[in-house]
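Notes follow the structure.
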């Protein structure tokens, strides 16, 4: 499969910086703003789970193809706290989820101490300590784990907080995370978030849903432009690819043509049009757009390589045509593009 521009590694969860301006007389010392929480959300849901993960490093962040499940792992490099959080379609109550987890842990025959289960404010909790023996220390290290389970909008929410080398004065670290867990019913993904959702769905080959999310980006941009022109073109390019790979050549052709009306120097629009004509057996039209791709190659997005039509299955009907062979050879030997 051929991948277009704008396919870079992604990170869906990002903190949002809020700028505030206060004009007060007389001048008083400003109170520090509360840290903006991270928003863990399933794209098909109209809310987020907000968590205070200030100074944490996200090490895992995954999304299911149906957009209903998310998993997150974050580590604090300073205090050693680790947080796991997940959203998934609910198939049990909070208490049932807690008890299922406890049963699984018991089967592992772990050396629990101070094991505690309780419920509060429609949430179910599980907490315990485990002594971890080491060869270097005579006294076992203590690891503390706290789980919280609750449900919202047909979604089960699970959060686990853990710390090795636990001491009693670490307890406020746990309380800070637990007290920050809130459902944000007014959450709206930012435009960069919407882009990365569309990218993720494209990579998962879920083209139908990728089209929905990428189109949302462009619809937002029509109302209020926030993206630089190059990024808008990349989103439009990916939207066209999603239509093409999803089986709608006609709509893909319209999108790539629309893109060229906005920027006639963007080479990937020409190349993707050439692929469509190649699949349709229209040799002359395919060659025309391949030549235009070469002509405008200096305008390739940063990091994007010039495609190789000789190994692209879209042109398999032309592999023995001398005109195509000659042009494909020009692609192979083209000098690296130089910006104009």
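The values are calculated or read from the model by the stated rules, or taken from the named source; none is laboratory data. Predicted model only: the values in this text are computed from it and were never measured. No Cβ is skipped: glycine too gets one built from the backbone with ideal geometry, and neighbour counts run over all protein chains shown.
Residue 89 - would you say it is out of contact with any strand residue (DSSP E or B) (no Cβ under 6 Å at 6 or more places or on another chain) and either within 28 Å of residue 201 (Cα to Cα) or surrounded by 17 or more Cβ atoms within 10 Å (Cβ to Cβ) (or both)? For residue 89, the condition - out of contact with any strand residue (DSSP E or B) (no Cβ under 6 Å at 6 or more places or on another chain) and either within 28 Å of residue 201 (Cα to Cα) or surrounded by 17 or more Cβ atoms within 10 Å (Cβ to Cβ) (or both) - is met. Scanning the range 42-53 for residues that are outside any strand (DSSP E or B) and modelled with pLDDT of 95 or more returns 47, 52, 53. Can you tell me which residue in the range 222-232 is farthest from residue 318 (Cα to Cα), limited to those that are without any contact (Cβ under 8 Å) to a residue 40 or more places away in the chain and crowded, with 16+ Cβ neighbours inside 10 Å? Filtering first and then ranking leaves 227. If you check 329, 247 for being out of contact with any strand residue (DSSP E or B) (no Cβ under 9 Å at 6 or more places or on another chain), outside any helix (DSSP H, G or I) and loosely packed, with under 13 Cβ neighbours inside 10 Å, only one passes: 247.
Among the conditions (1) in contact (Cβ under 8 Å) with a residue 60 or more places away in the chain; (2) under 15 Å from the mean Cα position of the chain (by Cα), residue 49 misses just one, which is (2).
Taken as a whole, the range 98-119 holds no residue that is assigned to a loop (DSSP other than H, G, I, E, B), within 30 Å of residue 45 (Cα to Cα), assigned by TED's automatic domain parsing to the domain that holds residue 49 and touching a strand residue (DSSP E or B) at 6+ places or on another chain (Cβ under 6 Å). In the range 184-193, is there at least one residue being closer than 30 Å to residue 243 by Cα, touching a strand residue (DSSP E or B) at 6+ places or on another chain (Cβ under 7 Å) and not in a helix (DSSP H, G or I)? Yes.
Looking for whichever is touching a helix residue (DSSP H, G or I) at 6+ places or on another chain (Cβ under 6 Å), surrounded by fewer than 16 Cβ atoms within 10 Å (Cβ to Cβ), part of a helix (DSSP H, G or I) and free of Cβ contacts under 8 Å to residues at least 60 places away in the same chain here; the options are 298, 285, 242. Which one fits? Walk me through it before giving the result.
Details: 298 fails: touching a helix residue (DSSP H, G or I) at 6+ places or on another chain (Cβ under 6 Å); 242 fails: surrounded by fewer than 16 Cβ atoms within 10 Å (Cβ to Cβ).
Criteria check complete, one pass: 285.
Inspection of the range 61-73 finds no residue satisfying the criterion of being assigned to a loop (DSSP other than H, G, I, E, B) and modelled with pLDDT of 95 or more.
Table: residues versus (1) over 21 Å from residue 166 (Cβ atoms); (2) in contact (Cβ under 8 Å) with a residue 60 or more places away in the chain; (3) surrounded by 15 or more Cβ atoms within 10 Å (Cβ to Cβ).
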position: 58; (1), (2), (3): yes, no, yes
position: 103; (1), (2), (3): yes, no, no
position: 123; (1), (2), (3): yes, no, yes
position: 142; (1), (2), (3): no, no, yes
position: 150; (1), (2), (3): yes, no, yes
